[in-house]
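FYI, it's all coordinate maths here, none of it is from the lab. Since we're looking at a predicted model, the values are computed, not measured. Neighbour counts are summed over all protein chains in view; Cβ atoms, including those assigned to glycine, are modelled from backbone coordinates with ideal geometry.
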Amino acid sequence: MVSFPILSRFGSHGRLEASSTPWGRRRRRRGRERARGRGDGVRERCATQVASLNIPVTAAFNLESFLSSDAVIQDWTAKGLPADEHSVQNGILTTAASRFPLCIDPQQQAVSWIKNMYGKDQLKIKSLSESDFMKHLELAIQFGAPFLFENVDEELDPMLDPVLEKNTYFESGQKLIKLGDKSVAWDDSFRLFFTTKLGNPHYSPEVMAKTMLINYSVTQDGLANQLLNVVVGHERPDLEEQFSELVADMSANALMIVKLEDTLLHELSASEGNILDNSDLIETLNQTKETSTAIKAKVEQAEFTKAEISKARLGYTPVAKRGSILYFVMASLSTISSMYETSLDSFLGVFNKALDHAKKDVVLDNRLRNMSESVMRDVYDYTCTGIFERHKLMFAFQMTCQVQDGCVTRRPFRHRHNSVIPFNLRHHRRDGPHPKLTGRCAQERRPESGRAGRVPEG
C-alpha cells in the first residue's frame with residue numbers, strides 16, 4: 001500500500017485538513033492516549049479518595065468480577081460472547097439489568113449469543129411485524145420461557161408497555177399482569193430481549209426509560225479477538241480445535257465447582273441437630289469435597305494448558321489486528337456517504353479469501369507478512385468495487401494512516417469544523433494525477449477527480 005503524504009492532506013472541498021499536519025497528528029495521538037487511560041485514571045482517583053477516607057476497599061477492584069464470576073464469563077465466552085471488557089459488561093447488563101434489554105446489534109453478535117444461551121430453555125423468537133406475537137408472548141410469560149424480538153425498529157408496539165413496565169399485581173396469592181382485556185399469570189423466570197440491526201437508532205425518551213439500551217456494536221479489540229480465531233483456525237486448525245474444547249471444558253468445570261459449593265452450603269444450612277451424628281451428611285460432604293478437589297486440579301491444569309496454547313496463538317495477532325483496523329476503516333466510509341454500509345459477514349468472507357490467496361511460507365514472519373499484504377489488497381479491491389471513483393484515493397489514504405498508527409480513530413473520515421484550515425485551490429487545475437502518485441490507485445484515478453486542486457510546487 002502506497003502512502004500519500006502531500007495530496008491527501010486536501011479534503012474534497014480543496015481545504016487543508018489540520019489532522020494531516022504534524023500538530024494535528026500529535027493531537028490525535030494524545031486523544032487516543034487519553035481515551036486508553038481514562039478508565040484506569042478514574043479507578044485510581046476513586047481508589048485513592050476512598051482509601052483517604054479509611055474505607056475498606058478491594059486492592060485490585062474489577063467491575064466484571066464484582067458483578068459476575070469467572071465461571072459465568074467463561075460460559076458466556078464459550079457460547080459466542082466476545083471476551084473483551086466491553087462485551088463482558090454488555091453481557092452483565094443483558095442478564096442482570098432490572099429492565100428488559102434492547103440491544104443495538106448491527107453485527108448480530110448479541111442475537112447469536114442469546115440464541116446459544118437460552119436455546120435449551122425453549123427460546124421463542126418473533127418479530128413485531130408478525131400478527132400473532134402477543135399470543136406467543138402470553139405463553140412465554142405464563143410458563144417463564146425466554147422471548148426474543150428480532151429486528152425491531154425505532155418504535156415499539158404500545159401493547160408491550162405493561163410488560164416493559166412490569167405492571168404486575170397479586171390476586172388470590174397469584175402474580176398476574178393485564179394484557180389488553182386478559183389477565184395472564186406472571187412467572188418471575190420470564191426473560192424478554194429486543195435486538196435491532198440499526199447501527200445508530202434514535203429512540204424516544206419513553207422507549208429508553210422502559211428498556212435497558214445496550215450497544216453491542218463490535219469494538220476493535222473484540223473484532224481482533226474474533227479474527228484471531230479465524231486466522232488460527234485457518235493456519236492451525238488443530239490448535240484452534242484444542243483451544244475451543246479447552247475453553248468449553250474449563251467453563252463446564254468452573255460451573256460445576258460453583259454448583260458443588262452451593263450444594264455444600266445448602267446441606268450444611270438444612271441439617272438439623274448435631275452434624276457429627278448425621279452420617280449421611282458427612283458422607284455427602286466428603287464426596288462433594290473429593291469431587292471439588294479433583295475438578296479444581298483439572299481447572300489448574302487446564303489454565304496451564306490454555307496459557308501455552310495462547311502463546312502459540314498470539315503469534316498470529318498482527319494479522320488479526322490488521323483485519324480489525326481495515327474493517328473499521330471500511331465502516332467509517334458511511335460518514336461520507338450514507339449508502340456506504342459494511343456488513344461484518346461480508347468482510348469475514350473477504351478476510352477468509354485473502355488468507356487463502358496469501359503466499360505460503362514455512363517461516364512464520366514471512367507468512368504473517370504475506371497474509372497482511374493479501375488482506376490489505378483484497379479489502380482494498382473489494383471496497384473499491386462499491387465506492388465512487390473520487391473516494392478511492394481518500395480510502396487508500398485512510399487505510400495507510402490507520403495501519404501506520406496501529407488503531408482507528410473515531411470516524412476518521414469525518415471533517416471537523418475545528419480541524420479544517422480554509423485553503424482555496426479552485427484556480428489550481430490539473431489534468432492528471434500528481435507525479436508523486438504511483439501504483440494502482442494513481443492509475444485508477446480519473447482526471448475529473450483531481451479538480452480539488454494541485455499542491456503548489458516547492
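For the reader, a short list of remarks on this structure follows.
- For MET256, MET376, order by how many other beta-carbon atoms lie within 10 Å, fewest first: MET256, MET376
- Histogram of C-alpha separations across the stretch 251-292, 10 Å bin width, %: 28, 51, 18, 3
- Pairs of Cα atoms farther than 25 Å apart, the stretch 36-183, %: 46
- Across the stretch 83-133, the volume of the C-alpha convex hull divided among the residues equals 108 Å³ per residue.
- Over the stretch 85-218, relative contact order from alpha-carbon pairs under 8 Å, at least 6 apart, %: 41
- The Cα-based radius of gyration of the stretch 186-275, divided by its Kirkwood radius, gives an Rg/Rh of 1.18.
- Nonlocal amide H pairs with MET212, under 5 Å, H built at 1.01 Å: PHE100, LEU102
- Exposure proxy for LEU102, LEU333: other Cβ atoms within 10 Å of each Cβ, ordered fewest to most, give LEU333, LEU102.
- Kirkwood hydrodynamic radius over Cα pairs of the stretch 180-339, then Stokes diffusion coefficient at 20 °C and 1.002 mPa s, in µm²/s: 100
- Fewest-first sequence of SER343, SER271 by Cβ atoms within 10 Å of each Cβ: SER343, SER271
- Computed from backbone phi, the HN-Hα couplings of the stretch 364-375 come to 4, 4, 5, 5, 5, 5, 5, 5, 4, 5, 5, 5 Hz, rounded to whole numbers (Karplus: 6.51 cos²θ - 1.76 cosθ + 1.60, θ = phi - 60°; Gly and Pro given as x).
- Here's the list of aspartates and glutamates a cross-link from LYS210 could span, going by alpha-carbon distance under 14 Å and ignoring same-chain residues fewer than 8 apart: GLU154, GLU155, ASP157, ASP161, GLU165.
- Principal axis extents of the Cα atoms in the stretch 222-314, from largest to smallest and rounded to whole angstrom, are 61, 22, 15.
- All lysines inside 16 Å of LYS126 as judged from Cα atoms, apart from same-chain residues fewer than 8 positions distant: LYS115, LYS135, LYS197
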